Amino acid sequence: MNGKERVLKTLSFEPVDRTPWVPYAGVQTANLIGVDAETYLKDADNIVKGIMKAYELYQPDGLPIVFDVQMEAEALGCKLKWSKDNPPAVDVHVLEHKELSELTLPTEQDGRYPIALEASRRLVAELGDKVALYALICGPFTLALHLKGTDLFSDMIKRHEKVDEVMRFCTTVCKDLSRMYAATGVDIIAVVDPMTSQIAPKQFERFVKPSTIELNRYVKSLGLKVTSFCCGNATKNIELMCQTETDGIAFDENVSMTYAKEIATKYKVSYGGNLPLTTVMMFGSPLENVDEARKEIELGQGVGYILSPGCDIPFDTPINNLVAISNFVNGKPSSLELLESEQQFHEEDEAVFEDVEIKPGQVFIEIVTLDSEGCPPCQYMCESVKKVLPRYEGRLTWRESLVKTRAGIMATLGVKNLPAMLINNEVVFDNIIPSDNELIEAIEKRIG
């Protein structure tokens, strides 16, 4: 059984010879070939070269082609903020200055669609008979946030028809891109909808579930498998995700593997995760990564389980950590030198956070994130603060603490989920992005 067969059988909820291994190597593959994330994501040659290098080093059963959930938003007119070591972030939301009726559906020639589709065709030709190739698309709800910004949360309370309208449009965008990818010969459409971890189950059922069912049925009609990716603490919505007629769900370390396995098995849905991205994959040794992979396989193994990271692997994740996991999964011994190698920290590159004195009549907000440059839930948590900041000029200070740094990891003490917002050192919004009114109320309560 080769990797492609192993993944596709697992997504069909059939037994396989061993646990499949699918490293979500997105911009981390740029690091493998010595280029930055922006250079990588703007060039099909680089994408093909990076994925081929990941295939060589990580011995995977499946691989994503392009892990960038901002590509559709860019093609629709959103302005992006580019980064050297992350996928881009949406910087200007197009529906803040245009009406939905003014937007036109992207074609194969718009934005970076041609780059992604060319890379897909070439990788199918190179690897299509060996590994399962995942084409990632931005899920309808996250795309709606990209287009409209945090105003969408207010509309979910007051103007349901506005949300329905934009969700219908975004679902059509998703179906169109799925059709384009299907024509290249990929095996799986992965619907990446991380913002669904930030809403309550009743909102998921009302606004997300109908669109996702429609999209998943369409992908299956194309003859492809479809999976649902969601980072953050998606525990409250795991069962609803399994009810969307998906073939598989993928989640991060915020979700209990035991719980996800129980729910997914109930619906005969494949389940994938949940190697910790930062505390283990970035900052652990190769031996610690092997131990973590062994633990996750022991918890998750069974019909339907795929070993994978919690999300897109960070750019600076040590290559040896991934190689060690790959060797373990494939039953190949790792050298003692490899297993004992450690991540080397560069003190001069590490952020140092000063203690903030909280004075009467003032408020300090700290947002603990994976990285707002590459994580949509983290981005929109930060945007919610930026939006109310002018209201409290001179009285509100804030900062983002990234768990991709040791200082950021220290800031997570007492924080259960990411992203989290602390106001005056108290966790107030935990894995839920507040509406304008909710945040203002929380600030007013503490500012006196």
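At-a-glance table
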| item | result |
| --- | --- |
| Candidates ASP61, ASP85, ASP45 - the one that is surrounded by fewer than 17 Cβ atoms within 10 Å (Cβ to Cβ) and more than 20 Å from TYR380 (Cβ to Cβ) | ASP45 |
| Residues of the stretch 7-23 classified as under 20 Å from CYS242 (Cα atoms), more than 21 Å from the chain's Cα centre (by Cα) and not hydroxyl-bearing (Ser, Thr, Tyr), total | 5 |
| Residue that is within 30 Å of SER401 (Cβ to Cβ), assigned to a strand (DSSP E or B) and at pLDDT below 95, where the choices are GLY232, GLY273 | GLY273 |
| Residue identified as outside the structural domain of PRO434 (by TED's automatic domain parsing) and not in a helix (DSSP H, G or I) among THR244, THR258 | THR244 |
| Which listed residue is in contact with a Pro (Cβ under 7 Å, 6 or more places away or on another chain), farther than 26 Å from ILE51 by Cα and surrounded by fewer than 23 Cβ atoms within 10 Å (Cβ to Cβ), from LEU299, LEU240, LEU215 | LEU240 |
| Some residue of the stretch 70-82 being under 30 Å from ILE297 (Cβ atoms) and either in contact with a Lys or Arg (Cβ under 7 Å, 6 or more places away or on another chain) or without any contact (Cβ under 8 Å) to a residue 60 or more places away in the chain (or both) | no |
| Residue among ALA135, ALA116, ALA125, ALA144 that alone is of a type outside the set (Val, Ile, Thr), in a strand (DSSP E or B) and either farther than 23 Å from MET241 by Cβ or in contact with a helix residue (DSSP H, G or I) (Cβ under 9 Å, 6 or more places away or on another chain) (or both) | ALA135 |
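The values are calculated or read from the model by the stated rules, or taken from the named source; none is laboratory data. What you are looking at is a predicted structure, and each value in this text was computed from that prediction instead of being measured. Heads up, the Cβs are rebuilt from the backbone with ideal geometry, glycines too, and the neighbour counts pull from every protein chain shown.
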